[in-house]
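Novice: Once you've had a glance at the structure underneath, I'll fire off some questions.
The values are calculated or read from the model by the stated rules, or taken from the named source; none is laboratory data. None of these values were measured; they are calculated from a predicted model. Glycine also receives a Cβ, built like all others from the backbone with ideal geometry; neighbour counts cover every protein chain displayed. Remember, those area values only see protein heavy atoms, side chains included, never the ligands or the DNA or RNA. Shrake-Rupley method; radii C 1.70, N 1.55, O 1.52, S 1.80 Å.
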Amino acid sequence: MLDPAGLYRLEPDAPTPPEPVLVMVLDGFVDAGAAARLAIDSLLASGPGQRVARFDVDQLVDYRSRRPPLRFETDRWTSYSAPELDVVALADTGGTGFLLLSGPEPDTQWERFAAAVEQLVARLGVRLVVNMTGIPMAVPHTRPIGVTVHGTSPDLTEGHDALFANAEVPGSAVALTEYRLGEAGHAAMGFAVHVPHYLARAEYPQAARVLVDHLAVAAGLYLSTEALTAAAERADREIAEQVAGSEEVAQVVAALERQYDTVVSGGTERSGTGLGGELPSADELAAEVERFLADRDDDADPGEGSADR
């Protein structure tokens, strides 16, 4: 492996919070309901933060698979929106600092990237790394939103019910990084919010709000969700109108409600983190994730690359 330090550059004299939490969200893998993207937008609402480190995207991004946009005006190129993969310093509403690593998921050099993140975790004194995403699930929007929680040690997931025992899903740079951080003895965990599969390709701020709430508790941060709550209320009204206007959708929702209620009433222990019982199996989750990825790739313009990758 090439030296991981060659993938990033620390900004000189950049202020780093003491023993910060590092939030890590990368575009390119599953993000049903745009849950993680909306959560990140919420964290950045007060400003872009101060850059602490910058990754060399020229080494990590396949530009032909997701072409960055250039603006053309009349007879010349006027601007270029270069991809950025940065660590920035932010603060919660109480003034406590934390770090955010966001940008495009690396197309190559996953092991080197994971090693680079591990170096940054050590150099910046990060006490906990938290990643977030949204996954499509066969659940109704009319019931509490579940979350699958995973981590590098049992104490990080204590108090959260496991949805299933085992699953094999497509890999991601974030998942590999969490795995490697655990091997290196660092604390890392992730939240995967359950988004109704029929809403997976729309913005679902309800799921983003759940992610931010879970992040706040795990990281000990005070994070505002007022904007997400307002957006969720608007989305609730729009979803209700669409369900009322389509008998087919209403039937799907009703069937999912019966399935959900059957599991709960059957005595299965449930918390805000998920359900046990027969809903769903690990193989069904893997298949749903793969369908989500395939549908998104099919919708992409072959000449432009996927806009949400």
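Novice: From the protein chains alone at 1.4 Å, what is the descending order of accessible area for Trp110, Trp77, largest first? Intermediate results must be reported in sequence, preceding the final value.
Specialist: Numbers: Trp110 80, Trp77 165 Å².
From most accessible down to least: Trp77, Trp110.
Novice: Express the carbon and sulfur contribution to the solvent-accessible surface of region 1-160 as a percent, rounded to the nearest whole number, probe 1.4 angstrom.
Specialist: Details: 3800 of 7600 Å².
Here carbon and sulfur together make up 50 percent of the probe-accessible area.
Novice: Computing the accessible area with a 1.4 Å probe over protein heavy atoms, can you report the carbon and sulfur percentage for region 209-270?
Specialist: Numbers: 1850 of 3800 Å².
Result for region 209-270: 49 percent of the exposed heavy-atom area is carbon or sulfur.
Novice: Taking only protein heavy atoms and a 1.4 Å probe, what accessible area per residue, in Å², does region 202-260 have with all protein chains in place?
Specialist: On the way: 3260 Å² over 59 residues.
Accessible area per residue, region 202-260: 55 Å².
Novice: Please report the accessible area of Glu248 (heavy atoms, 1.4 Å probe, ligands and nucleic acids excluded) in Å², nearest 10.
Specialist: Counting only protein heavy atoms, Glu248 exposes about 140 Å² to solvent.
Novice: If you count only protein heavy atoms and use a 1.4 Å probe, how large is the accessible surface of Ser265, to the nearest 10 Å²?
Specialist: 100
Novice: I've got another one for you. Sorted by accessible area with a 1.4 angstrom probe, largest first, how do Asp261, Asp75 fall? Kindly include the intermediate steps, with their values, before the conclusion.
Specialist: Details: Asp261 60, Asp75 120 Å².
Ranked list, largest accessible area first: Asp75, Asp261.
Novice: Express the accessible area of region 32-156 per residue in Å², computed with a 1.4 Å probe while the remaining protein chains stay in the model. Let's see the in-between values first.
Specialist: Working: 5680 Å² over 125 residues.
On a per-residue basis, region 32-156 sits at 45 Å².
Novice: Put Asp13, Asp3, Asp213 in order of accessible area, largest first, 1.4 Å probe: what do you get? List each step's numbers first, then the result.
Specialist: Details: Asp13 150, Asp3 95, Asp213 70 Å².
Descending accessible area places them as Asp13, Asp3, Asp213.
Novice: Using a 1.4 angstrom probe and counting only protein chains, how large is the accessible area of Tyr80 in Å², to 10?
Specialist: Ignoring ligands and nucleic acids, Tyr80 comes out at about 110 Å².
Novice: How many nm separate the modelled label positions at Leu10 and Asn166, each set 7 Å beyond the Cα in the direction of the Cβ?
Specialist: Going from the Leu10 label point to the Asn166 one covers 4.2 nm.
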